[in-house]
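As structure tokens, the structure follows; a few thoughts come after it.
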Amino acid sequence: MTRLQGRTALVTGAATGIGYAVAARFAREGARVIVADRDEAAAIDAVAEIGADLARVAVMDISDERSVEAAFAELAAEQWTPDVVVANAGVQLFGQDAKAADLDLEVWRRTVDVNLTGTFLTVKHAVRGLLSIGGGSIILTGSPTGLNGEGQDFTAYSATKAGIHGLARTVAAAYAGQNIRVNTVVPGYTETSLVTAISDDPASRAAIVGRIPLGRAGTPRDVEGIMVFLASDDGAFATGALFAVDGGMTTL
């Protein structure tokens, strides 16, 4: 498992869930891994589990440009400029996000600040770094709710994910000539700590799993492989694309 040998990969939101699974898999594939998260203690624990010889922490609040810029600058100064960046961090505010007429503006703003603005800031500074080293791969985490009406009770979350899909295409087109590839992975319902409001409620879980053609919930492990493909030379001709890993949810 050496498809990423010689690469340096930064994954945001990598202390837990999909981000952690992807960071750990990248390390197993030979990459140096930067566990980027605003929770420093959790990031340190993640690095310890991955292996301190393979990974390091970058404390980063993606909604704060000064934090993002400082983290990338520190990495560059220490010869850790990433050539693979996975913009994965995000929030889904269960019990607060709602249908449009019922959505509080502050919930909208908080979701946009983290999911869309935070992804943009990650991409902005990732592109600057990649331009300095001759290119690389950026991978964004999308959602089926940004493609269809699946998230009708999550107006803010769904809107930000649709924005992420559009951001990826725009940046892919803008920087293809500089050897920077930008793609979006679209996980379906994936059981992590982000969605315990669903996974801990048998009725809610059964309802959503019942809409998945493959008949089961996703796991972080299901998302690892496509991320490796897009980060590696195997994905060298892929840019501006959406890759659904959703058990078929978006086919309905």
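Report yes if some residue within segment 154-162 is modelled with pLDDT of 95 or more, closer than 28 Å to Ala77 by Cβ and buried (at least 21 other Cβ atoms within 10 Å of the Cβ); otherwise report no. Looking for residues that are modelled with pLDDT of 95 or more, closer than 28 Å to Ala77 by Cβ and buried (at least 21 other Cβ atoms within 10 Å of the Cβ), one finds none in segment 154-162, hence no. Residues in segment 1-39 that are within 26 Å of Thr196 (Cα to Cα) and either of a type in the set (Ser, Thr, Tyr) or assigned to a loop (DSSP other than H, G, I, E, B) (or both): Thr12, Gly13, Ala14, Ala15, Thr16, Tyr20, Arg38, Asp39. Pairs meeting the criteria (first residue in segment 31-51 and closer than 14 Å to Ile18 by Cα, second residue among the β-branched types (Val, Ile, Thr) and in a strand (DSSP E or B), beta carbons under 6 Å, at least 6 apart or on different chains) are Val35/Val57; Ala36/Thr12; Ala43/Val35; Ala43/Val57; Ala46/Val35. The condition (being assigned to a helix (DSSP H, G or I), among the β-branched types (Val, Ile, Thr) and under 19 Å from Gly13 (Cα atoms)) is satisfied by just one residue among Thr184, Thr170, Thr196: Thr196. Exactly one residue out of Ala43, Ala89 is assigned to a helix (DSSP H, G or I), closer than 12 Å to Ala14 by Cα and in contact with an Asp or Glu (Cβ under 9 Å, 6 or more places away or on another chain): that is Ala43. Does any residue of segment 125-138 turn out to be part of a strand (DSSP E or B), at pLDDT 95 or above, on the phi < 0 side of the Ramachandran plot and crowded, with 23+ Cβ neighbours inside 10 Å? Yes, segment 125-138 contains a residue that is part of a strand (DSSP E or B), at pLDDT 95 or above, on the phi < 0 side of the Ramachandran plot and crowded, with 23+ Cβ neighbours inside 10 Å. Of all residues in segment 145-167, those being over 16 Å from Asn88 (Cα atoms), in contact with a Lys or Arg (Cβ under 7 Å, 6 or more places away or on another chain) and assigned to a helix (DSSP H, G or I) number 1. Is it the case, given these coordinates, that Ala52 is surrounded by fewer than 23 Cβ atoms within 10 Å (Cβ to Cβ) and part of a helix (DSSP H, G or I)? No. Set side by side, the residues Gly19, Gly30, Gly6 differ, and just one is at pLDDT 95 or above and under 15 Å from Val91 (Cα atoms), which is Gly19.
Screening the candidates Leu214, Leu242 for the property of being within 17 Å of the chain's Cα centre (by Cα) and over 12 Å from Arg3 (Cβ atoms) yields one hit, Leu242. Checking each residue in segment 13-35 for being crowded, with 24+ Cβ neighbours inside 10 Å and under 20 Å from Gly135 (Cβ atoms) picks out Phe26, Ala31, Val33, Ile34. Scanning segment 214-237 for residues that are surrounded by fewer than 17 Cβ atoms within 10 Å (Cβ to Cβ) and touching a strand residue (DSSP E or B) at 6+ places or on another chain (Cβ under 7 Å) yields a single hit, Thr219.
With respect to (1) under 19 Å from Phe243 (Cβ atoms); (2) of a type in the set (S, T, N, Q); (3) out of contact with any Leu (no Cβ under 8 Å at 6 or more places or on another chain); (4) touching a residue at least 40 places away in the same chain (Cβ under 8 Å), the lone exception for Thr170 is condition (4).
The values are calculated or read from the model by the stated rules, or taken from the named source; none is laboratory data. Small disclaimer: the values here were computed from a predicted structure and weren't measured. Backbone-built Cβ (ideal geometry, glycine too); neighbour counts: all protein chains shown.
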